[in-house]
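Here's the structure we're looking at; comments come further down.
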Amino acid sequence: MAVFIATKVKGQTTEGYDNVLHAVRESITKAPGFIMHFAHPDEGEWRVYEVWQSKDQADAWFAQTVVPHLPRGIHPKRSYQTLHSVVMPVN
């Protein structure tokens, strides 16, 4: 079942987020199980949201690809919710 991941990134800046996204953008679009990613700044932190086919796929990609690019002192707090449904447009 698909999983929704909500991440709070305290202390992250727009520049820091943009740098990490630039480093991982191509990888995430090709990652097994990836469905979608969106993010926004929120009062001194960043909120990042993703939908993946499984928690294991999301966690493996995050550990291997995102963690090495995080700025010093940035420690994302991730929470998970198993989704009942995901509706996407047909291409």
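In the range 1-22, what count of residues is obtained for those that are of a type in the set (Ser, Thr, Tyr) and in a helix (DSSP H, G or I)?
Summing the residues that are of a type in the set (Ser, Thr, Tyr) and in a helix (DSSP H, G or I) in the range 1-22 gives 2.
For the range 29-59, which positions are under 25 Å from Gly11 (Cβ atoms) and over 12 Å from the mean Cα position of the chain (by Cα)?
Pro41, Asp42, Glu43, Gly44, Glu45 - these are the residues of the range 29-59 that are under 25 Å from Gly11 (Cβ atoms) and over 12 Å from the mean Cα position of the chain (by Cα).
Looking at (1) in a strand (DSSP E or B); (2) surrounded by 17 or more Cβ atoms within 10 Å (Cβ to Cβ); (3) of a type outside the set (Asp, Glu), which is the only condition Val66 fails?
(1)
Do you know which residues across the range 23-40 are outside any helix (DSSP H, G or I) and farther than 13 Å from Ala6 by Cα?
Ala31, Pro32, Gly33, Phe34, Ile35
Taking the condition within 14 Å of Thr82 (Cα to Cα) and acidic (Asp, Glu), does Asp18 pass?
no
Taken together, the values in this text are just the output of simple stated rules run on the coordinates, not laboratory data. What you are looking at is a predicted structure, and each value in this text was computed from that prediction instead of being measured. FYI the Cβ positions are ideal-geometry reconstructions off the backbone, even for glycines, and counts take in every protein chain you see.
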